[in-house]
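The values are calculated or read from the model by the stated rules, or taken from the named source; none is laboratory data. Keep in mind it's a predicted model, so treat the numbers as computed, not measured. For neighbour counting, all protein chains shown are included, and Cβ atoms are generated from backbone atoms with ideal geometry for every residue, glycine included.
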Amino acid sequence: MSPVGDDTALLPHDEAYDERAFGFWLYLMSDAIIFALLFATYQIMAGDIAGGPQGSDLFSLPHTFGETLLLLTSSLTFGLASLALDAGNRRRVLAWLGVTFVLGLGFLAMEIHEFHGMITRGAGPDRSGFLSAFFTLVSTHGLHVSAGLVFILVMTVQVVVKGLSRPVSSRLERLGLFWHFLDIVWIGIFSVVYLPGILR
Amino acid sequence: MKRAKAAGGRTLGSYLTGYVLALVLTAVPFGIAATGALSMQSALIAIGASAIVQVLVHLRYFLHLGLRSTPQERLLAIAFTAVLILIMIGGSLWIMLNLYYRMWA
Amino acid sequence: MDACNLIRAPILHPAGPVALAERDLLFTAVFVMLVVVVPVFVMTFLFAWRYRASGGRGRYTPNWYYSGKVDAIIWLVPALIVVVLGYLLWTETHKLDPYRQLVSGTEPLEVEAIAQDWKWLFIYPELGVASVNELVFPSNRSLSLKITSDTVMNSFFIPALGGQIYAMAGMQTRLHLLADKPGCFRGRNMQYSGHGFPEQRFAVRALAKEEFDAWLSRARKSPEKLDMAAYRALAAPSVDHPVSYYSGVAPRLYDSIIEKYAGKHPE
Amino acid sequence: MDMRILGRLTAADALPFYSWVAVGGAVVTVLGLLTIVGAITFLRKWRYVWTEWMTSLDHKRIGIMYVMLALVMLVRGFVDAIMMRAQQAVALNSTGYLPPEHFDQIFSSHGTIMIFFMAMPFLTGLINIIVPQQIGARDVAFPFMNSVSLWLTAAGAGLVLISLVVGRFSTAGWTGYPPYSGAEYNPGVGVDYWIWAIQVSGIGTTLSGINFIVTILKRRAPGMKLMRMPLFCWTTLATSILMIFAFPALTVTTALLALDRIFDMHFFTNAGGGNLMNYINLFWIWGHPEVYILILPAFGIYSSVVSTFAAKRLFGYKSLVYATMAIALLSFTVWLHHFFTMGAGAGVNAFFGIATMVIAVPTGVKVFDWLMTLFRGRITFHPSMLWALGFIVTFVIGGMTGVLLALPPADYLMHNSTFLVAHFHNMLIPGALFGYLAGYMFWFPKAFGFTLDERWGKGAFWCWIIGFYLAFMPLYVLGFMGMARRMERYEISAWQPFLLIAALGAVVILAGITCLVIQLVVSIRKRNEKRDLTGDPWDGRTLEWLTSSPPAPYNFAVLPQVRDIDALHDMKRHGSVYVRPKQYEDILLPINTGAGVLIGGLAFVFGFSAVWHIWWVAAAALLAILATAAARSFRDKTEFCLTGSKVQEIENRHFRDLAREGVL
């Protein structure tokens, strides 16, 4: 009873898109728990500096503010891409996806620059429990952003090759969920890690 | 190819509103941290409060979550997640702070 | 340790008030729970017999699937038991907090216990002596233990006297015990810690006052002193380390072992 | 980081020549693999195995493969168990027969295998086969993801198995507590095998959880309201919720441990500001819900079995549903009871102790609901029913000892002792494994079209339950005698008689496993006598018995209309079962793909390379996984159409069988 080759392959039915959206939503919830536990770990270990530097020695307010602006603006530009998708305007979708990609890449570059500076100053993740927790939390978010960038690239190719077909636009919707979700996590990061760290 | 309905009624207005609100809610805590105008405790409370409000803003204006427009199972999922996050973070902090206190007091 | 007349089931035959209270709580809880467990046993066997398809005499009512009364009973009875046990749990947990000082006539004897691979070091700060793999104290005088580890996580346990508690590097846990009368018991690490774990046990002697003093003067005659060098030699992994004594202990030795794992501090 | 081409993989370190037991294990593992490969080659079945099974996206076949994996791992995990029992039976004042460090690997692999690679695939397999049918669906929501989950689980199991041949397994126990499991005290590859095996399979589990939730919430047949779902679907829903919300905690915990080990970070180290207490905290945030992930599906199976073989509707359906969901939520609020002895304050300990006892209430309710289902029933003692009855009696003992351990002061006495070991085996063997075996014997005809031999099934049950009591009751006693768990040798002669009885128990369980094997062989031989042509051999009450055995790829040619809790029973009463439509409609089915196998294989390569620090291969494997996923996302057409006329052909055969059996 194997599938027979002469039967025509078909696009999924309508409910399938709804199921995928919900499934992706559940994945995001699961991911949110990962971040929640990394936040908890960071909070628990914030004092375990082992004689090394603490947040106020390392963090720079303008730098973090810049990162925040980039990511926040990229959320807006992704929203504009979604609006273009609603309007069925392929070129505008591609344009806004491109802008979002550049903003995300800028964010990532700033983060790598920050990490690089810290590591060269001897404040790498192996320095103390506090720094292990800091690097792990922030770079997990960074890895998600990188995955999001790859996702944007893949979707850009799909939009170019396939147009705004039903399957492609449903994937774009899920990419949107992912991107906005990352911005929400970032709110947590600057509010739990950077700002209290500077105040301390 | 209008799919506005399926997308939960998102408009340019909603994104712009969200963006401006988010900017304000980012500027406030950063301002507090930069100026050091408040005491440590009230600064932390203010930062936490703006973060929670900003998360809600993102959910509303970027993810277009609405109590009626969003499918019920998604709302349930996010509510349940919120409860669990509270239990896990709250429980972990409670346990670990208690242990810290008992191990070093 | 050979001279000890070992209690075969130390948890059922406690030799001190802490272990006794903990055991009694165990027994009480068992009896309370029998209210549920016994009916389950009886009902399972009875129903299986009475309602067997091959000749059981019980009635068959395929459409009977709900009764408010039964439903209420099966929610309420377990709930009631949990309320009873919960009350017991709350009060007993507070009473038997291992950090709590025991009330006894005299000042407690302070002992600092350090878990090593794979042995236990006991320092008697007031007496200026230390012992390895043997914990000795006067009976009827409460024992106040400070516990830490100089290796992986261990769990300090003397079954005849009371429950266990973890020993963790860079941290200190507390345990308060009391032996009612002189006796010889066994203690050990309960948390798997590697190759020498099975032999990581120690003798526990609760002695009458005079005998304790005799033991103390013997320990004080030991030629060994526990300075930092001796400590480092002792801390090297070893299996089944013989009982040994030190007649002097470097000041703040115990604290320095905790501080060695720097970097932790309470917020 | 290690930059050598083969990382730290060298022949001297990797091969198991450090002990004859390890060599034996390696030889058996390699021979087993060669036998399977050889047999398939000899029978020229590779094409069949590949096209019909490995690449299949049919939920029933994926489920069967899960169960096969589980049964193989059950045997492997049991070999570990009986070796431990044998060691402890003889190791009084001696080193026993096992070489040093080997016992420690065995208790670690036993726990890891039984939980992650026996119980998890077993329950996932049964859910896969049955739940879509019980809710009247044609497949799970995401068939491809289902295949990926399967192969990720298999990859994890492969990592555990290969650790016996190349390198060593962890000695840190299935819980892997640091700092013992950290690089300072455990620099070898053992802990890394443990980390990557559960990391890889854990991702598969999370995906399964998502899949089942969406399937249950979105794919129910018309009329199947939530409150009409069979209990097994409810417990699956609860288990899946726990999977997606609890497994992230395991992912985080093991990832942080891996970061400590690879990058010298200080999450759980003694020095550098590490905090081992947080590992234990995070681990049990996953660990306690995990217990219910394992047990709840078995509860669902018992519900099906009890009501079918008592020929009676389940008593207190709503109570059972509420109890299930209450357990699911409460299971997230009790994790500290696994470390009462860490030294937290009385208030904290008491809070979590009481929360733990509260779970006993819904659990007790369930037990009484099953008993009231038996009450005034017509009980047939099919082997599945025996498992259920044995479970009820045995499980309450485990529940009782569990409440004892929930009392912090009592836990101070019993923690880390063999009492604890006896307790959790007393929960998981009757509470999970017996349930899975009941489900296996109950649903086997549904999966394969013929029933299992009942006599050997009953033999297996009696051996298992007697063996269980012999093996674990002595461990309770030894707990009172102060025996610690995980002791490779001991010097107290009073312990030995009890350990000998426990070893005897293991031998009796071995007889039980032998019965299971014989049962399978005998049943396959006599399959023509044991054919189930109706699809409904037990006068079933729920929808999975409406399909043919084995079901057509689409399960239901016409989606059933549900009007009651016991949907099929209700149809039978109203004579509306086996109604044929005038015309069959076209049905969409997923197209098979090898991408799941590929991703699983790459995950195995990734895990293996990460264990041995062959970083360039690990990175390449990870990139290849990403590329496969990206390439797969380009495919819009993932389903093919089975035309109505073909459906009709298949259904004609089924109805011919039904007519021949006189059901119509």
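Side notes on the structure shown:
- Among the residues of this structure, D:Ile565 counts as one that is within 14 Å of another protein chain (Cβ to nearest Cβ), in contact (Cβ under 8 Å) with a residue 24 or more places away in the chain and assigned to a loop (DSSP other than H, G, I, E, B).
- Screening B:Thr17 on (1) assigned to a helix (DSSP H, G or I); (2) within 10 Å of chain A (Cβ to nearest Cβ); (3) closer than 21 Å to A:Phe78 by Cβ shows it passes everything except condition (2).
- Segments classed as helices (runs of 4 or more DSSP H), wholly inside the range D:231-341, with at least 1 members that are buried (at least 24 other Cβ atoms within 10 Å of the Cβ) and free of Cβ contacts under 8 Å to residues at least 24 places away in the same chain: D:276-309
- Hey, C:Val40 closer than 29 Å to D:Ala355 by Cβ, touching a Pro at 6+ places or on another chain (Cβ under 9 Å) and facing chain D (nearest Cβ under 9 Å) or not: no
- Boolean, D:Phe448 is within 22 Å of the chain's Cα centre (by Cα) and away from chain C (no Cβ under 14 Å): yes
- Some residue of the range A:66-73 being within 14 Å of chain C (Cβ to nearest Cβ) and β-branched (Val, Ile, Thr): no
- Checking every residue in the range D:426-441 against the condition of being surrounded by fewer than 21 Cβ atoms within 10 Å (Cβ to Cβ) and either of a type in the set (Gly, Ala, Ser) or within 10 Å of chain C (Cβ to nearest Cβ) (or both) gives zero matches.
- Index of the failed condition, C:Val35 passing every other in (1) over 21 Å from D:Val306 (Cβ atoms); (2) at pLDDT 95 or above; (3) part of a helix (DSSP H, G or I): (2)
- Condition met for D:Met414 (within 26 Å of D:Leu504 (Cβ to Cβ), out of contact with any helix residue (DSSP H, G or I) (no Cβ under 6 Å at 6 or more places or on another chain) and at pLDDT 95 or above): no
- Among the residues making up the range D:61-86, a single one is among the aromatic types (Phe, Trp, Tyr) and either over 12 Å from the mean Cα position of the chain (by Cα) or not in a helix (DSSP H, G or I) (or both): D:Phe78.
- Residue list for the range D:365-384, restricted to those being closer than 22 Å to D:Thr451 by Cα, more than 7 Å from chain C (Cβ to nearest Cβ) and crowded, with 24+ Cβ neighbours inside 10 Å: D:Pro383, D:Ser384
- Qualifying residue in the range D:620-630 (condition: in contact (Cβ under 8 Å) with a residue 12 or more places away in the chain, under 27 Å from the mean Cα position of the chain (by Cα) and surrounded by fewer than 18 Cβ atoms within 10 Å (Cβ to Cβ)): yes
- Put simply, of C:Glu107, C:Glu92, C:Glu126, C:Glu134 the only residue that is among the acidic types (Asp, Glu) and buried (at least 21 other Cβ atoms within 10 Å of the Cβ) is C:Glu92.
- D:Ala511 meets each of the listed conditions (1) crowded, with 20+ Cβ neighbours inside 10 Å; (2) part of a helix (DSSP H, G or I) apart from (1).
- Which numbered condition A:Phe115 misses (of (1) crowded, with 16+ Cβ neighbours inside 10 Å; (2) within 11 Å of another protein chain (Cβ to nearest Cβ)): (2)
- Conditions (1) of a type in the set (A, V, I, L, M); (2) assigned to a loop (DSSP other than H, G, I, E, B); (3) buried (at least 16 other Cβ atoms within 10 Å of the Cβ); number of the one not met by C:Val70: (2)
- Hits in the range D:342-372 (condition: small (Gly, Ala, Ser), part of a helix (DSSP H, G or I) and within 28 Å of B:Met96 (Cα to Cα)): D:Ala346, D:Gly347, D:Ala350, D:Gly353, D:Ala355, D:Ala360
- Residues of the range D:590-614 that are touching a strand residue (DSSP E or B) at 6+ places or on another chain (Cβ under 9 Å) and buried (at least 22 other Cβ atoms within 10 Å of the Cβ): D:Pro590 alone.
- Set D:Ser523, D:Ser576, D:Ser609, D:Ser549: member being within 30 Å of D:Trp151 (Cβ to Cβ), assigned to a loop (DSSP other than H, G, I, E, B) and polar (S, T, N, Q): D:Ser549
- For the range A:23-36, a tally of residues being buried (at least 24 other Cβ atoms within 10 Å of the Cβ) and farther than 15 Å from B:Val83 by Cβ returns 1.
- Within the range A:153-179, considering residues that are in contact with a Gly (Cβ under 7 Å, 6 or more places away or on another chain) and surrounded by fewer than 22 Cβ atoms within 10 Å (Cβ to Cβ), the one farthest from the other protein chains (Cβ to nearest Cβ): A:Phe178
- Residue check for C:Asp24: under 25 Å from the mean Cα position of the chain (by Cα), charged (D, E, K, R), more than 8 Å from chain D (Cβ to nearest Cβ) and surrounded by 14 or more Cβ atoms within 10 Å (Cβ to Cβ): yes
- One residue from D:Val517, D:Val521, D:Val477 being under 30 Å from D:Leu658 (Cα atoms), among the β-branched types (Val, Ile, Thr) and at pLDDT 95 or above: D:Val521
To keep it simple, each residue is scored yes or no on (1) touching a strand residue (DSSP E or B) at 6+ places or on another chain (Cβ under 6 Å); (2) surrounded by fewer than 22 Cβ atoms within 10 Å (Cβ to Cβ).
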site: C:Glu112; (1), (2): yes, no
site: C:Gln116; (1), (2): no, no
site: C:Arg141; (1), (2): yes, yes
site: C:Lys146; (1), (2): yes, yes
site: C:Ala160; (1), (2): yes, no
site: C:Ala169; (1), (2): yes, no
site: C:Thr173; (1), (2): yes, no
site: C:His176; (1), (2): yes, yes
site: C:Ala179; (1), (2): yes, no
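- Verdict on A:Leu182 being surrounded by fewer than 17 Cβ atoms within 10 Å (Cβ to Cβ) and assigned to a helix (DSSP H, G or I): no
- Check on C:Ala48, facing another protein chain (nearest Cβ under 9 Å) and at pLDDT 95 or above: yes
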